[in-house]
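Participant: Supplied in structure tokens, the structure appears directly below.
The values are calculated or read from the model by the stated rules, or taken from the named source; none is laboratory data. In this text, all values refer to a predicted model and were calculated from it rather than measured experimentally. In this analysis, Cβ positions are derived from the backbone assuming ideal geometry, glycine residues included, and neighbour counts consider all displayed protein chains.
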Amino acid sequence: MSRRISSLWTTLTPYLIVLLYAPVIALLVIMCDVSSILWWVMASWLAIGNIIALALCPIPKVIDIDDCSITVTGSLTRKSVTLPFSDIAEIRASWFTPPVVIIFNIDTPFGRKISFIPRMRLFHPYTGHPDVQELKELIASAKVDSIA
């Protein structure tokens, strides 16, 4: 039975990056005179910042797991691929930042590295997120099974 380990924020993140700039631009338009050089500098800075943020920020993927495989779905494209746990090389998770990076041994339609935001859970900072720990255990057992 498949279950989702990525949060709702995974789907909303690409849209939130753009929406964060909208109130600032609206305030800028309301507060400043369009003929002012300051208005044009700030509007250009915000537009360029938005483009850079969208280009450089990895767009998180939706992750579902079951007993023997991981399903990765694009949050914007809804393209999906199912891979065995043995194709995962490494998982990088930080204690304090939400994105988790999964590195694959093979090329996938999303590349070798994908990121996702795990569901919000209360956890001890020294042990890490419970879903990430479970995923690491499933990967370790899949690698042991593939060797045997």
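Participant: Quick one: which residue in K113, K61 is over 16 Å from K136 (Cβ atoms) and modelled with pLDDT of 90 or more?
Facilitator: Working: K61 fails: modelled with pLDDT of 90 or more.
Going through K113, K61 in turn, the sole match is K113.
Participant: Still on this model: Please find, within the range 1-35, the residue that is surrounded by the most Cβ atoms within 10 Å (Cβ to Cβ) out of those that are modelled with pLDDT of 75 or more and not in a helix (DSSP H, G or I).
Facilitator: S6
Participant: Can you name the number of the only condition in (1) surrounded by fewer than 12 Cβ atoms within 10 Å (Cβ to Cβ); (2) part of a helix (DSSP H, G or I) that G49 fails?
Facilitator: Exception for G49: condition (1).
Participant: Further question: Identify all residues within the range 63-120 that are of a type in the set (S, T, Y) and free of Cβ contacts under 8 Å to residues at least 24 places away in the same chain; write none if there are none.
Facilitator: The answer is S69, T73, T77, S80, T82, S94, T97.
Participant: Restricting to the range 64-110, count the residues that are in a strand (DSSP E or B) and either over 15 Å from K143 (Cα atoms) or not assigned by TED's automatic domain parsing to the domain that holds V132 (or both).
Facilitator: Filtering the range 64-110 down to residues in a strand (DSSP E or B) leaves 64-65, 69-74, 80-84, 88-93, 100-104.
This time we only want the ones that are either over 15 Å from K143 (Cα atoms) or not assigned by TED's automatic domain parsing to the domain that holds V132 (or both), so: 64-65, 71-74, 80-82, 92-93, 100-102.
Of the residues in the range 64-110, 14 are in a strand (DSSP E or B) and either over 15 Å from K143 (Cα atoms) or not assigned by TED's automatic domain parsing to the domain that holds V132 (or both).
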